[in-house]
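Peer 1: The structure is given below, and queries will be raised subsequently.
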């Protein structure tokens, strides 16, 4: 029995919301509360491991647990990326390159182990663990890439979000109008939603003079967690017996 959600329109909305929240919550812990990147990473990875063990031991799909793990991979990915790029001084470009290489190695190992990369075929604990490792590093990569686009590329926060948003639109068009593998498109979209969340999170938190909306890390995190909780409740209630499940844009991964 699959312990993962169906890939619907709401899945992608919740993924973007969770990854954006990961950016704002990670910055809240490491910078606003002045905990630091290294200690923040240790705290968040510890919480992630606890939630991940619960997810791996569960027998069915539990929406709050699943999205908690997604959120923690995003938040831990934010502080891990910031530690690499800023504390270690690797820079956004070098950090993105290293994380891209790591993610490709994970996918290669997953594929050459004889297992499908399709999330609809994740039925064993081994494959589920590979899925979560890939998600952690894709979210970490997304933070570094989002910071690179916002800072080093000269696009700014809004420009970076617009670029990634345009790429995501192209992925959707490719899904419906080309024969490109839907599994490949899924993972491209999954990776791209993280830098979109990173740049969109910066738009929400940064001062107006820097191109942001100046909600701050606390205000932005409260808004995003409220939206995510509402969507979790809505999508869970919508699947209860006797109620019609209003699935929008379900993407089959054949």
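Peer 1: Filter the stretch 1-37 down to residues that are surrounded by fewer than 21 Cβ atoms within 10 Å (Cβ to Cβ) and part of a loop (DSSP other than H, G, I, E, B), then give me how many there are.
Peer 2: 11
Peer 1: Pairs under 8 Å by beta carbon, first residue within 15 Å of residue 150 (Cα to Cα) in the stretch 79-95, partner part of a loop (DSSP other than H, G, I, E, B), six or more apart or different chains?
Peer 2: The qualifying pairs are 85/91.
Peer 1: Among the residues of the stretch 172-182, is there at least one that is over 20 Å from residue 23 (Cβ atoms), touching a residue at least 40 places away in the same chain (Cβ under 8 Å) and out of contact with any helix residue (DSSP H, G or I) (no Cβ under 7 Å at 6 or more places or on another chain)?
Peer 2: No, every residue in the stretch 172-182 fails to be over 20 Å from residue 23 (Cβ atoms), touching a residue at least 40 places away in the same chain (Cβ under 8 Å) and out of contact with any helix residue (DSSP H, G or I) (no Cβ under 7 Å at 6 or more places or on another chain).
Peer 1: Please find, among 134, 144, 162, the residue that is touching a residue at least 24 places away in the same chain (Cβ under 8 Å) and under 22 Å from residue 207 (Cα atoms).
Peer 2: Values: 134 fails: under 22 Å from residue 207 (Cα atoms); 162 fails: touching a residue at least 24 places away in the same chain (Cβ under 8 Å).
None of the others qualify; the one that does is 144.
Peer 1: Yes or no: residue 229 closer than 30 Å to residue 60 by Cα, part of a helix (DSSP H, G or I), within 20 Å of the chain's Cα centre (by Cα) and modelled with pLDDT of 85 or more?
Peer 2: yes
Peer 1: Is it the case that the stretch 17-37 has a residue that's touching a helix residue (DSSP H, G or I) at 6+ places or on another chain (Cβ under 7 Å), modelled with pLDDT of 85 or more and within 17 Å of residue 132 (Cβ to Cβ)?
Peer 2: Looking for residues that are touching a helix residue (DSSP H, G or I) at 6+ places or on another chain (Cβ under 7 Å), modelled with pLDDT of 85 or more and within 17 Å of residue 132 (Cβ to Cβ), one finds at least one in the stretch 17-37, hence yes.
Peer 1: Kindly check whether there is at least one residue in the stretch 185-192 that is part of a helix (DSSP H, G or I), at pLDDT 75 or above and closer than 14 Å to residue 20 by Cβ.
Peer 2: First, the residues of the stretch 185-192 that are part of a helix (DSSP H, G or I): 185-192.
Within this subset, residues satisfying the condition of being at pLDDT 75 or above are 185-192.
Pick out the ones that are also closer than 14 Å to residue 20 by Cβ and you get 192.
Yes - at least one qualifying residue is present in the stretch 185-192.
Peer 1: Another question, then. Can you tell me which residue in the stretch 148-171 is surrounded by the fewest Cβ atoms within 10 Å (Cβ to Cβ), limited to those that are in a loop (DSSP other than H, G, I, E, B) and touching a helix residue (DSSP H, G or I) at 6+ places or on another chain (Cβ under 8 Å)? I'd like the intermediate steps shown before the answer.
Peer 2: Of all residues in the stretch 148-171, those in a loop (DSSP other than H, G, I, E, B) come to 153-155.
Applying the additional criterion that residues be touching a helix residue (DSSP H, G or I) at 6+ places or on another chain (Cβ under 8 Å) yields 153, 155.
Working: 153: 15, 155: 18.
Among residues in the stretch 148-171 that are in a loop (DSSP other than H, G, I, E, B) and touching a helix residue (DSSP H, G or I) at 6+ places or on another chain (Cβ under 8 Å), the one surrounded by the fewest Cβ atoms within 10 Å (Cβ to Cβ) is 153.
Peer 1: Exactly one condition in (1) over 17 Å from the mean Cα position of the chain (by Cα); (2) within 27 Å of residue 116 (Cα to Cα); (3) part of a helix (DSSP H, G or I) is false for residue 179; which is it?
Peer 2: (3)
The values are calculated or read from the model by the stated rules, or taken from the named source; none is laboratory data. Values in this document were obtained by computation on a predicted structure and should not be read as measured data. We place every Cβ from the backbone using ideal geometry, glycine too, and count neighbours over all the protein chains shown.
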